[in-house]
Amino acid sequence: MLLALLCHAVSFAKSSDWVTIKNGDLWYDTDGKVVQAHGAGFLKVKDTWYMIGEDRSKSWNPDVNMYSSKDLQHWKFEAKIIENGVTHPDLGKQRFIERPKLLYNKKTKKYVVWCHWEGRNYGASEAGVFYSDNITGPYKFHAGERPLGIKSRDCNVFVDDDGTAYFISTIEENQHLGFFRLADDYLSATECTQLFKRQSREAPAIVKVEGTYYMLSSACTGWDPNQCKLSYSKNMTSDWSPLENIGDRIAYDTQAASILTIQGKKQTSYLYVGDRWMDPDLPNSKTIIFPLVIKDGKCEIVPANQFEINFKTGEIRY
Ligand code: DGJ
C-alpha cells in the first residue's frame, strides 16, 4: 500500500513538471486581462522569465508592458515600463516604440531596454535606449537616435558568453543588417559591422549553441508573414553562412521575436517565439511559441500547435 502511494506521489510530482504550451489563442494574464507584449523580448532572472513587448491595445501607440512567468504560461502583469507621454514627451506623439528588448548589465547593475524608436512613415529610423535600477522600472529615457548616425529599424539584442552585447538591426532603409557592438554599460553603440548586405532582412533573432551563432530573420513585407531564413556562423561579426529557408513559406504565419534557451538538468532546449501579426488586427496579434530543434549543426522549427515542456529537465514532448 505504502509503495503504491509512494509510486503515485512520484508520478504525480513528475507529471506536474510538464507544462503544456498551446498555440493560436490570445494569452491572458493572471488578472484575466489579454497579454499585450508583441515583438517580445525576454530576460531570465533565476527561475523567472521577464517578458517585455508592445502593448498594441491602442494599435499604433504602443506602451511597453512587462510580465513575469516561471512557465511561459502563467503571466503576471508587472508594469507598464515605458509609457506614452510619461517616460518621454514625444512618445505617443512624434515617436512610437517597436520590438523592445531587455538586457541586464552586470557591471552597472542596470537593466537596459533597446528598441526601435520610430516616427511617421518609419522615417525617423532610430533606436531608443532606456535604463532602470530595477527590472520592473521605472525606466528612464537615455537616448533616441540613429545609432552611430545609421538609420535603424527592426531590431534585437544578443549578449555573448563574455558579456559583450550587440544591438542587431535592419539598417539604411531596410537594406542590410547592422551588428552594433555595445559599450560596456550597454547604453550606446561603439561600432557597426554591416552584414547581409542588400538582402533586406528584418526581425533578426540570434541564439548561440555550442560555439555557433544561429540567426533567424524574415524578409521585409510589412505585417504579412514571409519565409523565415536561417544563417549560422562561428563568428558574431563575420563568416555567416548564406541564408537558407527554414520552416514553410510564411514561417507558419509568424515573424521571429526572440529565441529562448531552456537549460534543464538533462538537456538544453530552444524555443522560437514569434508574432502572428494581424490576427485579425494588430491588438489581437498572437504570440506563438514553437520548439526550435538545434542538433548536430542543424536547426529546425517544429510547428507544433501544442507541445509539453519540462523546465526542470529541459525536455520537450509532443
Ligand atoms: C515588420 C516589422 O517586423 C514590425 O516590427 C513592424 O515594423 C512592421 N513591419 C510594420 O509594417
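Figures for the structure shown
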| item | result |
| --- | --- |
| Whole-number Å³ per residue for the convex hull built on Cα positions in the range 28-77 | 61 |
| Rg(Cα) / (2.2 N^0.38 Å) computed for the range 224-318, rounded to two decimals | 1.16 |
| Cβ crowding within 10 Å averaged over residues, with 137-149, 231-243 ranked highest first | 137-149, 231-243 |
| By average C-beta atoms within 10 angstrom, highest first, the peptides 100-108, 269-277, 119-127 | 269-277, 100-108, 119-127 |
| Evaluated at q = 0.10, 0.12, 0.16, 0.17 Å⁻¹: base-10 log I(q)/I(0), Debye formula over Cα of the range 165-275 | -0.30, -0.43, -0.76, -0.86 |
| The chain - accessible surface per residue (Å², probe 1.4 Å) | 46 |
| Under 20 Å from the Cα of Lys151 - aspartates and glutamates, other chains or at least 8 residues apart | Asp90, Glu98, Glu118, Glu126, Glu172, Glu173, Glu191, Glu202 |
| Hull volume in cubic angstrom per residue (convex hull over the Cα atoms of the range 126-168) | 96 |
| Compactness of the range 137-209 - radius of gyration and Dmax, Cα, Å | 12.4, 39 |
| Calculated Rg and Dmax of the range 275-318 using C-alpha coordinates, Å | 13.5, 39 |
| P(r) weight above 32 Å for the chain, C-alpha pairs, percent | 24 |
| Degrees separating the helix 2-15 axis from the principal Cα axis of the chain, which is the longest one | 20 |
| Accessible surface of the chain [probe 1.4 Å, protein heavy atoms]: carbon and sulfur percent | 49 |
| Space enclosed by the convex hull of the alpha-carbon atoms of the range 60-119, per residue, Å³ | 105 |
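The values are calculated or read from the model by the stated rules, or taken from the named source; none is laboratory data. Not measured: the values here are computed from a predicted model. Cβ: placed from backbone, ideal geometry, glycine included. Neighbour counts: every protein chain shown. Note: accessible area is taken over every heavy atom of the protein model, side chains too, but ligands, DNA and RNA are not part of it. Shrake-Rupley method; radii C 1.70, N 1.55, O 1.52, S 1.80 Å.
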